[in-house]
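Input: a single structure, listed below in structure tokens.
Just so it is clear, none of the values below were taken in a lab; they were calculated from the coordinates. Owing to the predicted nature of the structure, the values given are computational and were not obtained by experimental measurement. Positions of Cβ are backbone-derived with ideal geometry, glycine not excepted, and every protein chain shown enters the neighbour counts.
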Amino acid sequence: MIVVDTNIISYFYLNSKYSKIAEQTFKKDPVWSAPILWRSEFRNVLTFYLRKKIITLSEAIDIFECAEEFLKENEYEINSMQVLSLSHSSGCSAYDCEFVNLAKDLGALLVTQDKRILHNFQETAISMSQFLETH
């Protein structure tokens, strides 16, 4: 099991330069977890794609439903005090620290491409390429 942030989920479900490596990450570990926050963030990503006319509303709905089904058994509530503490000590956003907190709670790696998270949480966070090379 790994924790993935919304960007990794987006790369997996939407065409981007990171889509192939996201698929490889999935093949290496197909059990992905995320805080419930992923839903709101992913809806926001889909809205961006809709506004840019990259996908249709029907496609956005289908994509969200697929992602929701995939993650439904591995979504978690997060402890606000722990998130605030992590955010305060690192300078990362509370949104980002939800993913960090979940990884810490589950004793799992957080797979992310976010440079700030990778820098501030080296014991918890790993990039997709690092994950593929070392695990």
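What angle do you read, to the nearest 10 degrees and between 0 and 90, between the alpha-carbon axis of helix 19-28 and the longest principal axis of the chain? Between the helix axis and the principal axis of the chain, the angle is about 60 degrees.
Using R0 = 22 Å, the C-beta based FRET efficiency linking D105 and I61 works out to 0.10. Per-residue ellipticity at 222 nm, computed for the chain from helices alone with -39500 (n - 2.57) per DSSP H run of at least four residues, works out to -19000 deg cm²/dmol.
Going from the residue with the fewest nearby Cβ atoms within 10 Å to the one with the most, T6, T56 rank T56, T6.
Residues V111, V83, ranked from the fewest to the most other C-beta atoms within 10 Å, line up as V83, V111. Annotation: aspartates and glutamates with alpha-carbon distance below 20 angstrom to K52 (same-chain offsets under eight excluded): E41, D62.
Taken over the Cα atoms of the chain, the convex hull encloses 103 Å³ per residue.
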